[in-house]
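The values are calculated or read from the model by the stated rules, or taken from the named source; none is laboratory data. Note that the structure is a prediction, hence the values are computed from the model and not measured. Using ideal geometry, Cβ is built from the backbone for each residue, glycine included, and neighbour counts are taken over all protein chains shown. The protein model used for the area step is the full one, side chains on, heavy atoms only, and it has no ligands, DNA or RNA in it. Shrake-Rupley method; radii C 1.70, N 1.55, O 1.52, S 1.80 Å.
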Amino acid sequence: MGHFKDQPSIPQTIGREEITTAFREVFATASGKRVLFWMLEQCAIYQEAYAGELVNATHYTLGKQGAGRRLIAELDRIDPTLYPRLLLAIADLKATDKAAAASRAASEEGEDHDIDA
């Protein structure tokens, strides 16, 4: 009979379905992917936690990373391919941003030459 306690209640199930839908909607847009990746960066997921003899700083970073791991775990619960796809999408977005910045710089450089002439 203990197995009934392990099953989520109806409100928990509805809440889980709503958060799953919300994550999918956020993930469906480039802006949403940028926000998710920014949140993971704020959680120090991509940096070293160890801060030498500064034990409190190490613990603080580990705490932030714990929050990031919870976010990644939620993405994995919804769809095990979401996090890897997020990383690929962010790489593409960064490449697009870099190309746009280079293009903008080149066009501004061309405008500067026109002014000098």
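Among the residues of the range 51-72 satisfying the criterion of being in a loop (DSSP other than H, G, I, E, B) and open to solvent by less than 70 Å² (accessible area, probe 1.4 Å), which is nearest to G32 (Cα to Cα)? Out of the qualifying residues, it is A51. Contact map, the range 5-18: first residue open to solvent by 100 Å² or more (accessible area, probe 1.4 Å), second residue at pLDDT below 75 and not in a helix (DSSP H, G or I), Cβ cut-off under 9 Å, separation 6 or more or different chains; pairs are R16/P8. Against the test of being assigned to a helix (DSSP H, G or I), within 23 Å of Q42 (Cβ to Cβ), under 22 Å from the mean Cα position of the chain (by Cα) and modelled with pLDDT of 95 or more, the options L93, L75 yield a single qualifying residue, L75.
Pairing each residue of the range 39-64 that is over 20 Å from L75 (Cα atoms) with any residue that is open to solvent by 100 Å² or more (accessible area, probe 1.4 Å), provided the two are 6+ apart or on different chains, yields C-beta distances under 7 Å for T58/Y50.
The residues on offer are E25, E48, and the sole one that is part of a loop (DSSP other than H, G, I, E, B) and open to solvent by 80 Å² or more (accessible area, probe 1.4 Å) is E48. When L88 is tested against (1) within 20 Å of the chain's Cα centre (by Cα); (2) at pLDDT below 95, just one condition goes unmet, and that condition is (2).
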